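Visitor: Sending over a structure as structure tokens; questions will come in a sec.
The values are calculated or read from the model by the stated rules, or taken from the named source; none is laboratory data. Please read these numbers as outputs of a predicted model, since none were measured by experiment. Using ideal geometry, Cβ is built from the backbone for each residue, glycine included, and neighbour counts are taken over all protein chains shown. Just the protein is used for accessible areas: all its heavy atoms, side chains included, with ligands, DNA and RNA removed. Shrake-Rupley method; radii C 1.70, N 1.55, O 1.52, S 1.80 Å.
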Amino acid sequence: MSTSTQTYHLSIGGMSCAGCVASVENALRQVPGVERADVNFAEHTATVQGEASVEALTEAVRAAGYEAAELKSEADQQEKEAAEMAHYRALLRKAAVAALVGVPLFAVGLVGAMPALEAARPFWLIVGVATLVVLGYSGPQFFVGAWKAFRNHNANMDTLIALGTGTAWAYSMLITVFPELVPPSARHVYFEAAAIIIAFINLGSALEMRARGKTSEAIRRLIGLQPKTARVVREGREVDVPIGEVGLDDTVRVRPGEKVPVDGVVLEGQSWVQESMLTGEPLPVEKSVGSEVVGGTLNDSGTLLFRATRIGADTALARIIALVREAQSTKPQIGRLADRVAGVFVPTVLIIAVVTLLVWFNFGPEPRTAFVLVTTMTVLIIACPCALGLATPISIMVGVGKAAEFGVLIRNGEALQRAGQLSAVVLDKTGTITEGRPQVTAVVTTGSWAEKDLLRVAASVEAGSEHPLAQAVVESARSAGASPMDVQAFESIAGHGVSGDVEGRSIAIGNARLMALHGVDCGDLADETKVWDEQGCSAMFVAVDGKMAGALAVSDPLKTDSRAAIADLRAKGLKVVMITGDNRATAEAVASEVGVDDVYAEVLPEHKADKVSELQRSGETVGMVGDGINDAPALARADVGFAIGTGTDVAIESADVTLMRGSLHGVVDAIGLSRATVRNIKQNLFGAFVYNTVGIPIAAGVLYPFFGILLSPIVAGAAMAMSSVTVVSNANRLRLFQREA
């Protein structure tokens, strides 16, 4: 048995209402080693993290009166969905059988043609037996669930339904056999109520299950992206193999119109690949030798031969599916509040039912027994908190799935809720507002230094750095035909630049702070490069053996949509701040071009998180957007961290939200979806609370003394069943959410 720290996904059976969520979560959290357990009532699944074995987890769930099985693979998930479809059809059959008995009785009763109990006792005995068959075929799950809950000292929706319908049948059967036990005025049977309530609840559960299925369409679409086979080159021959048999470093061919089977790097060929299904970006992306391709994307035109670099659960598509599933299973703060309320709701309803019984028994009019039965049964039936339990998770599932369609991967429900509460967004400049692919636009030399020689020594040192500016210098040197030389004693100083020894000479390349650190006087070059700052270019000074040799102007072009995205963020009422290690003049030039509210310039990487904290202390709820390793602390410190998906894995792991497109419009989409989802959750919770708050007193009979109105148990059953369907249908409206143009 493995007890290493990991995440388990369990399928949970037997849950009937939000009260069950608390029972299952408590059972899981009490297992030694469990760090976190979240139960998704909408999906009937649980996500558990910690150092516990799956056997211990499933045993704990079973001990609490429910069923559990681990969801290990996609096959398990498909098996679960197939079982749910079979259950959906079974619910429809059960509803039909119950309606077959209940509806005719109800219809005959409406027109007043029902025979009197005393005059037709054999008829009512047959009806009673038929109703018992209905309870045994269409409603055994309620009675079994109620018994399991009772055995575990719990109460849930099954308890309420079993008590309501069971009492109705038992009372009706009792007075059918022994009518003299009650006054003539109370000799009314409720067989049709028990049957129709069971029919309504089964029908409501079936409709709810079908509507719930639509919330997982985003996941199913993602799963459908991966082809079943791949064409692999082995021993000089091309063979089609199942996707699971593709190995690392296998050479794979993908032809025009085919889907890329796994992640890899192109070895041969040129084509355009549609990546919109993963990134939300509508335009195809050009791929050639050295380009990365992602499994699930669609090859448009040419033929590509590529080497498989990530397979199975490591592919980008598999990680996206896992991330979306995990996010759909988590709860925001507002959802945990609903779960806590639901946890005490059923016991509270039972108390209200007892109080209702006592009040009508002691103060009600005749036929007292009939009034007691009707009101108590109606309270039990109408109060089932299904809608309350579905209100949050169903909206989270749709919201997270919709975000994935836009290329926005949200790590958890908490981030989805917080994103809509942001008041300020901090944007890293390089790679976030700009392309992150800077170019050398000007070279100035001093003394006898030639431009090509300056580029050669600068590129020799910069070749050891992964910074985008360094790559621009190396690329410029190669274009000029200046091959980099070997470097010794390479050193990178974050926020300053790099240094090293080339052919016995000490080279330093970086900003004015690095020059001051090495005691180098920038001289007239400091004045000459000021115009670069005003143009939004970064000046990189080059010193050789402690003397100024020249300077390079490096410009990082803005992303084409940065200005529009920032305008959208400001239109949503957010304060937009740019943060960069560049000097203030360069930063101000870029800031004025894109229209941000404020600028933090010359900020060292380790101080970015401090700037986020500074904004938080001033009362702002802060989102941080970045793409580099040096952004990771700030992403983690922010209330919501947004990682540009084209950036580093470290940044993505530190963030709450990953933007697969590499566009700031992803932040706009995430915030818009967050606000729509939270608004949807509040609508659901409001509807569920109002339904129960208004429904229970009416069911208890508060209107009867004033208006003579008493709610029928049949109406209560229909209302309870439809409340869940209404919540799920409202959540599915989020699927119509449109991103901003």
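Visitor: Look at segment 415-456 and say how many of its residues are closer than 30 Å to Lys611 by Cα and in a helix (DSSP H, G or I).
Guide: The total comes to 10.
Visitor: With a cut-off of at least 2 residues that are in contact with a Cys (Cβ under 7 Å, 6 or more places away or on another chain), name the strands (runs of 3 or more DSSP E) lying wholly within segment 534-600. Outline the logic, then answer.
Guide: Working: elements: 538-544, 547-555, 575-579, 598-600.
The strands (runs of 3 or more DSSP E) meeting that bar are 547-555.
Visitor: Any chance you could count how many residues in segment 146-169 are open to solvent by 20 Å² or more (accessible area, probe 1.4 Å) and over 30 Å from Ala27 (Cα atoms)?
Guide: 2
Visitor: Take the conditions of a type outside the set (Phe, Trp, Tyr), part of a helix (DSSP H, G or I) and surrounded by 19 or more Cβ atoms within 10 Å (Cβ to Cβ) and apply them to Leu358. Does it pass?
Guide: Numbers: of a type outside the set (Phe, Trp, Tyr): yes; part of a helix (DSSP H, G or I): yes; surrounded by 19 or more Cβ atoms within 10 Å (Cβ to Cβ): no.
No.
Visitor: Right, something else. Restricted to segment 629-648, and to residues that are assigned to a helix (DSSP H, G or I), in contact with a Ser or Thr (Cβ under 9 Å, 6 or more places away or on another chain) and open to solvent by 20 Å² or more (accessible area, probe 1.4 Å), which residue is modelled with the lowest pLDDT? First the steps, then the outcome.
Guide: Step one: list which residues in segment 629-648 are assigned to a helix (DSSP H, G or I), which gives 629-637.
Filter again for in contact with a Ser or Thr (Cβ under 9 Å, 6 or more places away or on another chain), leaving 629, 631-637.
Checking which are open to solvent by 20 Å² or more (accessible area, probe 1.4 Å) leaves us with 629, 633, 636-637.
Numbers: Ile629: 63, Pro633: 85, Ala636: 84, Arg637: 89.
Out of the qualifying residues, it is Ile629.
Visitor: Would you confirm whether any residue within segment 685-701 is outside any helix (DSSP H, G or I), farther than 18 Å from Ser395 by Cα and touching a residue at least 40 places away in the same chain (Cβ under 8 Å)?
Guide: Yes, segment 685-701 contains a residue that is outside any helix (DSSP H, G or I), farther than 18 Å from Ser395 by Cα and touching a residue at least 40 places away in the same chain (Cβ under 8 Å).
Visitor: For the subset of segment 98-114 comprising residues that are in contact with a helix residue (DSSP H, G or I) (Cβ under 6 Å, 6 or more places away or on another chain) and closer than 11 Å to Val189 by Cβ, which member is modelled with the highest pLDDT?
Guide: Residue satisfying both the conditions and the ranking: Leu105.
Visitor: What is the one condition in (1) outside any helix (DSSP H, G or I); (2) open to solvent by 50 Å² or more (accessible area, probe 1.4 Å) that Pro705 does not satisfy?
Guide: Going through (1) outside any helix (DSSP H, G or I); (2) open to solvent by 50 Å² or more (accessible area, probe 1.4 Å) one by one, Pro705 breaks only (1).
Visitor: Which members of segment 369-401 meet the condition of being farther than 21 Å from Ala688 by Cα, open to solvent by 10 Å² or more (accessible area, probe 1.4 Å) and modelled with pLDDT of 85 or more?
Guide: Listed by number, the residues that qualify are Phe371, Val372, Leu373, Val374.
Visitor: Being farther than 18 Å from Asp250 by Cβ and surrounded by 14 or more Cβ atoms within 10 Å (Cβ to Cβ) is the filter; apply it to segment 302-324 and report the residue that is farthest from the chain's Cα centre (by Cα).
Guide: Residues of segment 302-324 that are farther than 18 Å from Asp250 by Cβ, as a first pass: 302, 319-324.
Those left that are additionally surrounded by 14 or more Cβ atoms within 10 Å (Cβ to Cβ): 302, 319-321, 323-324.
On the way: Gly302: 35, Arg319: 13, Ile320: 11, Ile321: 10, Leu323: 7, Val324: 5 Å.
Ranking the qualifying residues of segment 302-324, first place goes to Gly302.
Visitor: Let me ask something else. Considering only residues of segment 517-566 that are open to solvent by 40 Å² or more (accessible area, probe 1.4 Å) and of a type in the set (S, T, N, Q), which is nearest to Val457 (Cα to Cα)?
Guide: Gln535
Visitor: May I pose another question? Just a yes or no: is a residue in segment 170-191 closer than 22 Å to Val349 by Cα, modelled with pLDDT of 85 or more, open to solvent by 10 Å² or more (accessible area, probe 1.4 Å) and in contact with a Gly (Cβ under 8 Å, 6 or more places away or on another chain)?
Guide: No, every residue in segment 170-191 fails to be closer than 22 Å to Val349 by Cα, modelled with pLDDT of 85 or more, open to solvent by 10 Å² or more (accessible area, probe 1.4 Å) and in contact with a Gly (Cβ under 8 Å, 6 or more places away or on another chain).
Visitor: Next up: Which of the residues that make up segment 248-273 are in contact with a Gly (Cβ under 6 Å, 6 or more places away or on another chain) and of a type in the set (Gly, Ala, Ser)?
Guide: Across segment 248-273, the qualifying residues are Gly269, Ser271.
Visitor: So, one more: Step by step: first the residues of segment 353-363, then only those that are touching a residue at least 24 places away in the same chain (Cβ under 8 Å) and of a type outside the set (A, V, I, L, M), then the one that is farthest from Leu163 (Cα to Cα). Which residue is that?
Guide: Taking the candidates together, the pick is Trp360.
Visitor: For residues that are of a type in the set (S, T, N, Q) and open to solvent by less than 70 Å² (accessible area, probe 1.4 Å), scanning just segment 439-457, find the one that is nearest to Ser555 (Cα to Cα). Full working, then the answer.
Guide: Within segment 439-457, the first condition is being of a type in the set (S, T, N, Q), and the residues that meet it are 439, 441, 445-446, 448.
Filter again for open to solvent by less than 70 Å² (accessible area, probe 1.4 Å), leaving 445-446.
On the way: Thr445: 18, Thr446: 21 Å.
Among those that are of a type in the set (S, T, N, Q) and open to solvent by less than 70 Å² (accessible area, probe 1.4 Å), it is Thr445.
Visitor: Select, from Arg253, Arg234, the only residue that is open to solvent by 40 Å² or more (accessible area, probe 1.4 Å) and touching a Leu at 6+ places or on another chain (Cβ under 7 Å). Steps first, answer last, please.
Guide: On the way: Arg234 fails: touching a Leu at 6+ places or on another chain (Cβ under 7 Å).
Within the list Arg253, Arg234, the selection yields Arg253.
Visitor: Select, from Val189, Val133, the only residue that is part of a helix (DSSP H, G or I) and of a type in the set (A, V, I, L, M, F, W, C).
Guide: Val133
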